Amino acid sequence: MKRFCFYMLLAIAPCGASGYIFAQNVADTVFAADEVAIGEVTIYGVRSKATVRETPPEQTAAREVIPVQTLSGGELQRLSVHSVADAVRYFSGVQIKDYGGIGGLKTVNIRSMGSQHTGVFYDGIELGNAQNGIIDMGRFSLENMESVSLYNGQKSAVLQPAKDFASAGSVYMAARTPEFAGGKKFNIKAGIKGGSFGTVNPAVLWERRLSERVAASFGAEYMYTTGRYRFSYRKKNGYDTTEVRRNGDVRALRMEQGLSGKIEGGEWKTRAYFYGSERGYPGAAVREEPGMFRHQDRQSDASFFMQSSLKKRFGNRYSMLLSAKYAYDYLHYRSDPRLDVTAMYVDNRYRQQEAYFSSAGSIMLFDWWSAGLSADLQYNTLSADLAGFVYPQRYTGLTAATTALHLRRFRLQASVLGTFVSETTRTPDAAAGNRHKYTPAVAAWWRPWKETDLNFRAFYKKIFRMPTMNDLYYTFIGNKDLNPEYTTQYNAGATYAREFGSRWARRMEVQVDAYYNRVTGKIIAMPVSNQFRWTMLNLGLVEIRGVDAALANAWQPGTEWALNTRISYTFQRAQDFTAAANSYHGDQIPYIPLHSGSLVAGGSFRRWGFNYSFIYTGERWNASANIAENREQPWYTHDVSLSHTLTARKKEIRLTAEVNNLLNRQYEVVQCYPMPGTNFYFKITVNI
């Protein structure tokens with residue numbers, strides 16, 4: 001109880017400071033670091049008869065202390081993708097694990113540190129999963145998304161919740177902000193998408209201006225797909241044949257309600273979100289009987305959260321940010337051996353609840369020096385209908401102190417994050433011990449020449465992830481004595497940007513970052529008495545050395561033409577140094593390619609829009625030993641789309657046709673989980 005009171009004092013400290021500063025009537029100033037964070041997406045245009053050209057999102061990356069990549073606006077909508085996970089594939093330094101097509105689980109791994117080290121934020125507040133620490137990025141649609149950004153390390157801002165400092169890398173999703181042109185009071189966007197695999201995907205977005213400062217929005221989307229597609233595989237006797245991927249059907253419903261407003265010196269936002277689905281998991285495509293292609297596992301989900309945030313400036317020197325959230329998640333997993341002889345009977349239900357509150361404050365001490373303090377409180381529960389389940393509850397307090405120097409051509413930011421975790425269980429003496437950890441981060445940015453937009457940056461960060469509730473408490477497997485898994489990150493990079501006066505070349509930007517990451521105390525599952533009895537252990541040392549590079553260009557071939565191109569490349573040497581005696585000591589860790597990259601080219605001509613994208617993933621291994629039997633072939637895909645916009649009765653109608661995997665490439669992101677071949681979609685969208 002004393003510790004909980006201590007957390008409460010930390011959480012309300014910035015609020016108390018706001019009252020004190022406000023009473024002193026200190027003038028307000030927006031910090032340079034905060035300006036960088038708010039201005040992630042900047043758009044400029046050259047207006048012609050029917051086109052407005054966007055700036056590549058990387059334009060603002062040159063101003064960031066921490067490396068950032070962003071997809072936003074029209075570029076995000078032009079990609080032939082179904083979800084946020086598909087869009088994130090175009091960032092350098094990212095690996096997506098995709099377990100088979102539209103309905104498969106999709107997780108994000110940044111710079112080979114593991115999916116649990118990736119924080120996923122929606123409108124500035126982190127999405128949580130205390131059960132397994134993984135967010136399924138395939139659940140989040142792009143229909144209502146304004147931008148998707150990826151940060152290595154953390155955001156380079158002073159005013160942000162302590163949670164923003166608590167991940168090795170982060171994906172930020174920003175929902176669309178309602179805009180009303182020409183005095184309009186409402187916007188309606190409705191569309192339907194259909195095509196291969198029996199996919200039907202209607203969506204609607206309604207936005208209403210309630211007053212000059214308040215706007216509301218409601219979005220809903222439904223998706224159905226059979227998930228059935230053909231794939232090739234090689235039989236044991238050596239010849240190739242084809243089979244149909246089964247049990248990959250999905251029925252999913254997403255609904256969102258948003259309310260936002262502006263106040264003097266600030267803004268506020270509230271959002272309610274619901275996602276429900278019923279789906280099959282097609283499982284691994286094993287090649288032999290019994291159980292060949294007969295997987296029947298089913299999963300039902302229901303997720304709901306409501307969150308609010310308030311950001312306000314008091315005077316010229318103090319700013320405050322308050323955030324709160326409640327979330328409820330339900331999962332029902334079923335596996336019936338009467339339908340699949342290789343399956344073990346499973347009929348489990350899991351329920352998670354989360355309550356979260358954050359208070360952050362920042363103050364401008366001098367024109368060149370700012371400081372901030374943030375404190376978060378989080379409460380998590382997990383229940384399950386498993387025999388012997390201990391029903392854990394987790395209390396987490398986080399406090400971050402940060403300071404930033406923002407001189408004319410030099411910036412320095414440093415922060416310290418304190419994490420305090422306490423857990424209780426219904427079963428006596430089953431709870432893990434309390435955890436108190438402090439972790440630092442330092443970042444610097446330097447622009448040597450005023451006239452040249454060449455910038456150098458570097459950062460160091462040490463962070464950890466707590467063991468998940470599954471790691472600690474899963475029946476017969478969990479180990480309550482697990483220690484946190486630590487990561488240490490070093491990064492050095494440069495950006496160069498240039499504006500051109502010619503008609504053809506408008507802008508170019510280059511980003512290059514070299515990094516070294518070290519992951520220690522890796523949490524893994526090990527068998528003990530038999531193959532049905534496993535336990536979780538702290539084992540493992542992984543060292544990651546890599547280079548991320550990106551080149552973005554904006555072109556204007558003619559007055560009615562616009563073209564943007566983006567090229568990204570990643571080299572990663574991620575080596576396992578866990579056990580010196582093992583033959584695979586120093587080998588590449590599973591599913592991390594040495595080389596990967598992407599190319600995106602999109603543009604417009606009059607009322608026509610087009611997009612081409614290419615993704616390449618080099619050879620990798622599906623196990624710790626880098627031997628021929630474990631080698632996975634490189635794969636690549638080509639996707640194209642074409643759209644046309646027309647106007648009828650003051651309504652804008654957009655028709656889009658897309659072809660994915662144009663060359664019908666047969667490939668697997670994860671072994672025995674074949675991906676779809678060539679597939680087609682057609683979409684019609686009406687804006688009112």
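Read-outs throughout are calculated quantities, based only on the coordinates presented, and are distinct from any laboratory measurement. Note that the coordinates shown come from a computational prediction; the quantities given were computed from them, not determined experimentally. Every residue, glycine among them, receives a Cβ derived from its backbone with ideal geometry; neighbour counts consider all protein chains shown.
Annotations for the structure displayed:
- By average C-beta atoms within 10 angstrom, highest first, the peptides 176-184, 639-647: 639-647, 176-184
- Spacing of the modelled spin labels on Ala190 and Trp449, each 7 Å from Cα toward Cβ, amounts to 5.7 nm.
- One chain, two ends: Val346 and Asp367. Fully extended at 0.36 nm per residue, the span grows by 1.4 nm beyond their Cα-Cα distance.
- Footprinting exposure proxy for Val84, Val416 (fewest neighbouring C-beta atoms within 10 Å first): Val416, Val84
- For the pair Phe218 and His585, the difference between a 0.36 nm per residue extended length and the Cα-Cα distance amounts to 126.8 nm.
- Taking the fewest neighbouring Cβ atoms within 10 Å as the starting point, the ordered list for Arg620, Arg254, Arg246 is Arg246, Arg254, Arg620.
- Anchor Lys462: lysines whose Cα lies under 17 Å away (excluding residues fewer than 8 positions away in-chain): Lys155, Lys163, Lys437, Lys522
- Residue order, fewest to most beta carbons within 10 Å, for Phe459, Phe571: Phe571, Phe459
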